[in-house]
1. Given the options THR231, LEU221, PHE91, identify the residue whose Cα lies farthest towards the positive end of the charge dipole of the chain (+1 on Cβ of Lys, Arg; -1 on Cβ of Asp, Glu).
2. Quote the Stokes-Einstein diffusion coefficient, in whole µm² s⁻¹, for region 59-280, based on the Kirkwood radius over alpha carbon pairs, a temperature of 4 °C and a viscosity of 1.567 mPa s.
3. Using the Cα atoms as the points, what is the convex hull volume per residue of the chain in Å³?
4. What residue among PRO327, GLN62, TYR249 has its Cα farthest toward the positive end of the dipole of the chain, where the charges are +1 on Lys, Arg and -1 on Asp, Glu, each on the Cβ?
5. Determine the calculated [θ] at 222 nm for the chain from helices alone, applying -39500 (n - 2.57) to every DSSP H run no shorter than 4 residues and normalising by the residue count; nearest 500 deg cm²/dmol.
6. What dipole magnitude, in Debye to the nearest 20, does the chain give about its Cα centre under +1 on Lys/Arg Cβ and -1 on Asp/Glu Cβ?
7. Taking every pair of Cα atoms in region 19-100, average 1/r, invert it to obtain the Kirkwood radius, and report Rg/Rh to two decimals.
8. What number comes out for the charge environment of SER49, summing +1 per Lys or Arg and -1 per Asp or Glu over other residues with Cβ under 13 Å away?
Amino acid sequence: MSEVSSDTVVAIDRTAADHPIPKPGILDIHAYVPGKAKAEGVAEPIKLSANENALGSSPKAQAAYAAAAGQLNLYPDPKAGIVRTAIAERFKLEPERLIFGCGSGEVFQLLSQTFLEPGDNMVQGEFGFAAFAIGARAAGGEVKFAKEPGYRIDVDELLACVDDRTRLVFLANPGNPTGTWIPFSEVRRLHEALPPSIVLILDGAYGEFALDPGFNDGLELARRSSNIVVTHTFSKLHGLAGLRIGWGYAPTAIVEAVERIRLPFNTSVPAQLAAVAALGDEDFQRASIDLVEQWRPWLTQQLGGVGLEVVSPSATNFLLVGFPKAPGRTATEAEAFLASRGLLVRGVALYGLPDHLRVTVGLEAQNRALVDALADFMQGA
Ligand SMILES: Cc1ncc(COP(=O)(O)O)c(C=O)c1O
């Protein structure tokens, strides 16, 4: 992601300006670019561009959502009490240590707003999820990007970026858009090396798809620490991306600070009801994991077979796929070719990966359509 340092911003007299001027730094932020949802001339494209749940969402969550229709005149519970209780019970957590957000994205933003002031910085991997940097910069913080050799988080590189103005370290494990992960031993090593004044945010949005026994989302470690926040979302495993609800588990002192600036009704009535129902639907969760477990290795192998370089192993519900630089075979051309076949995937040039595309693991027919199309593309069909 291209960087514009605040030093390069020329001071402007905002009071004397003939139109309102945003505070310094805002216009240097790249607005978030979502995965494409439309393909020209294709009525119902196959959307593999946003790491959504290919199975949809739990029928129980859908029923709870529908039942919420009678309560739309009421403000939601500002503390999201029913979700709080359900999550606390399910993961054996203290309910008062939970923060709820309009997606986990809001929790990241709240943490940046709470801890960063101009001159401060946060550290993340060079390919880290764009929402981390947007929130940090909006709060006036600088973003320091640590190298990710082999498309993987490197704890030493993260630590090398930390200085005395670092307040937050964001680690998505597994990461987006790389799909790679680091073992818990490395997370622990990172935590041990960080000063206790720095908040370590462990974003577990895709953690449920990380099936290696060496993976751990850090909830246990967070329980005993005073500076770890673990976040999770209902957007991926539970397929509730459209409802916008996520959560963080944080030390009490951090919760107390964040709660001062969190707007009271940031998770809606339907989102709260559907989230509780989704959490109770273990069959849907199992099916979602099974789908990824079945098709992720198949897609990896098939795409490798047509001459593409899949960043692997992926521990998520998507793959990062590398394309040749040769004209006619590039990632940009592949994205357009796939769109012409009604297949939407995610270009990741804004993440500093112009030669890659990110593809969600879909249903069988979708995965087969993707492989067939990419085989044709690579053969110059
Ligand atoms: C790394 C990462 N973290 C978190 C999220 C989830 O965001 P939200 O809970 O706001 O839907 C995503 C979604 O794409 C993501 O890729």
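Just so you know, all these numbers are worked out from the coordinates, no wet-lab data involved. What you see is a predicted model; the values in this text were computed from it and never measured. Positions of Cβ are backbone-derived with ideal geometry, glycine not excepted, and every protein chain shown enters the neighbour counts.
1. PHE91
2. Working: Rh = 17.6 Å.
Stokes-Einstein gives a translational diffusion coefficient of 74 µm²/s.
3. Numbers: hull volume 63.7 nm³, N = 381.
It is 167 Å³ per residue.
4. Positive-most Cα among the choices belongs to GLN62.
5. Numbers: 12 runs with 131 residues, N = 381.
After summing the helix terms and dividing by the residues of the chain, the value is -10500 deg cm²/dmol.
6. Working: 33 positive and 44 negative charges, 113 e Å.
Once rounded to the nearest 20, the dipole reads 540 debye.
7. On the way: Rg = 19.8 Å, Rh = 17.9 Å.
Across region 19-100, the Cα-based Rg/Rh ratio is 1.11.
8. Details: positive: LYS36, LYS38, LYS47, ARG346, ARG358; negative: GLU52, GLU335.
Around SER49, the surrounding residues sum to +3.
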